[in-house]
Every structure is written in C-alpha cells, then in structure tokens.
1. Ala35 is checked against (1) surrounded by 11 or more Cβ atoms within 10 Å (Cβ to Cβ); (2) modelled with pLDDT under 95; (3) not basic (Lys, Arg); (4) not assigned by the TED database to the domain that holds Leu206 and fails just one. What number does that condition carry?
2. Scan the strands (runs of 3 or more DSSP E) fully inside region 413-453 and keep the ones with 2 or more residues being open to solvent by 20 Å² or more (accessible area, probe 1.4 Å) and farther than 17 Å from His379 by Cα.
3. Give the residues of region 356-389 that are at pLDDT 85 or above, farther than 27 Å from Lys308 by Cβ and open to solvent by 50 Å² or more (accessible area, probe 1.4 Å), sorted by residue number.
4. Of all residues in region 251-279, count the ones that are closer than 18 Å to Leu307 by Cα and under 25 Å from the mean Cα position of the chain (by Cα).
5. Please state which one of Lys208, Lys139 is open to solvent by less than 50 Å² (accessible area, probe 1.4 Å) and either out of contact with any His (no Cβ under 9 Å at 6 or more places or on another chain) or at pLDDT 90 or above (or both).
6. Quick check: is even one residue across region 470-479 farther than 25 Å from Val407 by Cβ and open to solvent by less than 70 Å² (accessible area, probe 1.4 Å)?
7. If we keep just the residues of region 454-468 that are β-branched (Val, Ile, Thr) and farther than 11 Å from His481 by Cα, which is most open to solvent (accessible area, probe 1.4 Å)?
8. Any residue at all in region 565-582 that is at pLDDT 65 or above, touching a His at 6+ places or on another chain (Cβ under 9 Å) and either open to solvent by less than 10 Å² (accessible area, probe 1.4 Å) or of a type in the set (Phe, Trp, Tyr) (or both)?
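The values are calculated or read from the model by the stated rules, or taken from the named source; none is laboratory data. What you see is a predicted model; the values in this text were computed from it and never measured. FYI the Cβ positions are ideal-geometry reconstructions off the backbone, even for glycines, and counts take in every protein chain you see. Heads up: the accessible areas ignore ligands, DNA and RNA and are worked out on the full protein's heavy atoms, side chains in. Shrake-Rupley method; radii C 1.70, N 1.55, O 1.52, S 1.80 Å.
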Amino acid sequence: MGGFEDDEPPSKRARASSVEPASLLDSFSCLKPAAPLGSTMARPLPSQGKEVMVGSKGVIKRDEFVRIITKALYSLGYEKSGAVLEEESGITLHSPTVNLFRRQVLDGNWDSAVVTLKKVGLLDENIVKSAIFLILEQKFLELLRNDNVMGAIRTLQSEITPLGVNKKRVHELSGCIISSPQHVLLGFSKLGIESSNSRLKLLEELQKVLPPTVMVPERRLENLLEQALTVQREACYFHNSIDGLSLYTDHHCGKDQLPSCTVQVLRAHRDEVWFLQFSNNGKYLASASNDKSAIIWKVDEDGELLLKHTLTGHDKPVMMVAWSPDDCQLLTCGMEEVIRRWDVESGKCLHVYEKSGIGLISCGWFPDGKHILSGLTDHNFCLWDLDGKEVDCWKGQRSSKTSDFAVSKDGKLIISMNRESTIRLFDRETKQERLIEEDNTITSFSLSEDGDFLLVNLISEAIHLWNIRSCPIRVNRYAGHKRSRFVIRSCFGGSEQAFIASGSEDSQIYIWHRATGDLIETLPGHTGTVNCVSWNPANPHMLASASDDHTIRIWGLKKANLKRKDVGSSNGIYANGNTPSNGVVHQCNGNSSK
C-alpha cells in the first residue's frame, strides 16, 4: 500500500510529511384577469393615476412596468408592437420633449439638443452638466473627424471648458487637436464608442447619466430578469443543473442533481489506481496506476467511457497525468523517474523528459501549451520547451516531499510547496512571493478554475479553502473523510464549481457544499482507499474516482432502471489492459522520441 511516514520507501503516498410582433401582442392577454368587466391593465381608466400598482405583492408601479416592457419591445426591434402598447396603455415611453432630444442627438443637432435638454426639467445641475459634457464631447470629436479644427477649438474653449466637468478628459481632448487623426478615433474609443455608430452609443451613455424617469435604461427588463434568475440560482442549495434557468418556472434543484450513483466501473488497470483527471473539454479521462501504465478513456456521446489507449513504457508506477491546454497531448510522470509526452489521438509517445541523476516527481503544462513544468527530487522546479530544452530551473520546495504545483491561466503565478506546512505563491513577473501557512502538514492541493481559490488537503483529515486573489485568506473548512497514512486528493466540481469532492481511506467519496462547508453526500462502492477524484468540467453530472481496488468508478445521476456498466474482461477489455476490441496498447522505450 505504501506509507506516508518518512521511514518508508518512496511510493505513490510519499508526498508529504426569436418571437414575431403579433405573438408578442397576443402574449399581453396573459396579463388580463378572468373578470367579466375586463382588465384595467390593458386599457387604463381616466381615474387611474401614476401610483396604481400591479402584481400579487402590490409593489410594482404600473406605469414603470409598462414603460419597461415598451422599452424592451423597441430594443428587440418590435417597433409596431411598442407603438401599439404605448397607444393602448396611454403610457408613453418618453415625453415629447425627450423624444425631440433623442432625435436631435441622433441627427447631430448638438446646440439644439443642449437647449432641449435644459427644458426636460432636471433639478440636479451636476447631472445637466454631465449630460451636456457628453453631447459637446461628441460634437468636438465629430468636428475633428471632419477636419473642422477651428470649430473643434471653439467648442472646446467656449463650450466644454466652462462647464468645469471632467478636467482630465478635457486635457485629453486638447491633445487630440495637436495629434494625428488616429487620436481622434482614440477619443471615440476612450468614450467607449466607435465612430460608425457613435451617436447611438452616445444615447446609451446619456441614459446612464440621466434619471431613469427621463430615459428608461437600455436592457432594463433583461437586467431585472437576469437578477431574478441569479437570486434563484444562488438560493438553490443543490444547484447543479446542465440546462439553463427558465423564465417559465421557479428554479429549484434537488439532491438528485448530484452524481451519486455508480453508472460504470472501469477495470482495465492491473493494480492500484493512484491518479485520474478529466480533460479540459470533458471528452476524455486519463488515469495513472501502480501497474506502471496510464490509460486514456474517451467519453462518448451517451456519457459512457471507452478505453482509447493504454500507455506503457514507464519503469516505475505512474504518479500523475496532465492534459495540455488544447487536450491534444498528455503528460505522464513516473515515480521519481521521467515524464513522457503522448499524442492523445494516436497514442504515440512524442518525447521523454529526464534530468541526469535526478528523478521527476510531478508534471504540468504552462498555459501557452509550449512548455512543461516538473518538480524534481532535489526540491527544484524545471521548465522545458516541448523539444526537451531546459528553459529555466529554480529552487522550489525546501523540505517537503509533496510534489504538487499549479500555474495560473496567464502563466504569471506558480503555486508550489515551500515547506511541509507552507505553500508558496510566486509571481514570475514581479518576483514577489506570498505564503499560505498551515498548522499541519500539507499532502496535496488543487487550484480552482478561475484561479482565485486553492483547495488544500492536510494530514489532519481536514481540507481548507483559501482565497488567493490578494493576501491569502482561509475561507472554509471541510471535514469528515478519513486519512491516516496516504495521499488523498480532492477537487472542485459541479456547476460553477459549487461543490468539493474528496477521496477517503474508508473507501468512500465525500461531497461538501463549497459555500457552507456542509457534508451533503457520502458515496460507498469502492472496496479500497479512494486516492483521487475528478469532476468532469463539461458535465456537472459526471464524477470519477480512482481506488486501490484497481478500479475507476464513474458516478452519475440516479435514474430509474439504470444498469451499471462494467468495463473490463466482460466486454473485451482484459484485466491486464490489453484491449483487442476498443483499446490499443502503446509502448514507449524513450529512444526514438528524444
């Protein structure tokens, strides 16, 4: 089994001490209550005032509700439907003055637009000045674009500067006068608008400045609905659905959305399975074993895993695997041995990486896909290009046996062990480092998809979640699983990585709610220590586990009459991994690939 104690020989464990307008009009009928006298929603009575409320809670102002719907119709291009709603409801989207103002802006009648804006009745002088500044800025830039430099200078000196607004931007506009025409386009981009449709974008900017009672913000209905769906999703304790949220029903996920049922058992390895990892696109799974082999499994369209390649050639047990960013290549690392790079499609060994007199104990890819990184038995880290040329080598862990490391997606942050209970966060650009210091020995760790959180497994049968965006802060703790001797690996997973899963020495898989830390599921099935788990990044309903019982289990949803599929000698894949039916054994001796 291999121990975790210092006096035991190296082993897998020795790691630590679209809708038509007509149909939209028809849809308004759903707002009419079934009453013989008809609806006051669709056609207002003269006595109904602005404060009339709608909805079961009585908190929605009727005129705001109608205006937002009208705005949405116009935004979707349903001009006739929007006009009909304005006429039938008696509630106009904009006042005549605002409509005139909008036309003047779109027509480029800047002076008239400023005059009309002052007639809207805005009480806050700062808002008026900010809106006028945007209008005159557009006027200035268009004058420059049309080579009317003198007109632009007059606008800047006699109209924009006296407003006393945004002096930094005024200085930038001054620079446009003495710069090349490209800077005029830069002026548009700094405003967030392209010259081709700059006036429409200007209206959007004005809507952000002016009160919503004057101009309804763009996409307001969409924003409200998105907020409602977000609240429902965040309130859903077991949220793990594949399908998007619907507007038709309130969202709720049950516990049955978690992968808690064994749907397949993979039996191709001949010995303990120590490590496994899904590819970035979720279409493959790679596993590493004490039998000195790695296996690439393909996830078919029905979610069944089929053996694609058995990769042999290592002289020692395979400790871990790592997928390239594009999932076209795979790294396998032998225990204190070498790293091999494989082509996923053909199963061919492309290169062997080794360092004379020093064993390699971990492997990973740089985000550019052009370099690989490895931890060494002398506690250093080495960076190679794909051809095996050593690009960089630097001092890493000082006394820890744990070989885990991680690299941020931008390649700037390298996370590695520093001491038995300390993780080093090293910025390659600034050369600065931050430390995560634990009270107990660290056995493994993994980085979240967004790169902001680190999951740290400890010898004390605890898993800690750290926020590493700035100064590392511990934000949660997960407990319940068993670990006394061996390296047990955990992972993020599920929809938006809302859950934490871990193996355990009691042969079970443990699943916690990431935000609350609650243990929500325990999955029995294996008959040996569960060393590693991996959650499919493309399918939140698929979880894989690797065990000392020589098997890999694939976990999915509980379904009626679901029959478990065993991949092993029963379907042509023999216990030793040789696969005459749907898998191919590939060997690599390392000679021809260097």
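1. That leaves (1) as the condition not met.
2. On the way: elements: 413-419, 422-427, 433-437, 442-447.
It comes to 433-437, 442-447.
3. Within region 356-389, just Lys389 meets the criteria.
4. 5
5. Lys139
6. yes
7. Among those that are β-branched (Val, Ile, Thr) and farther than 11 Å from His481 by Cα, it is Ile459.
8. No - not one qualifying residue is present in region 565-582.
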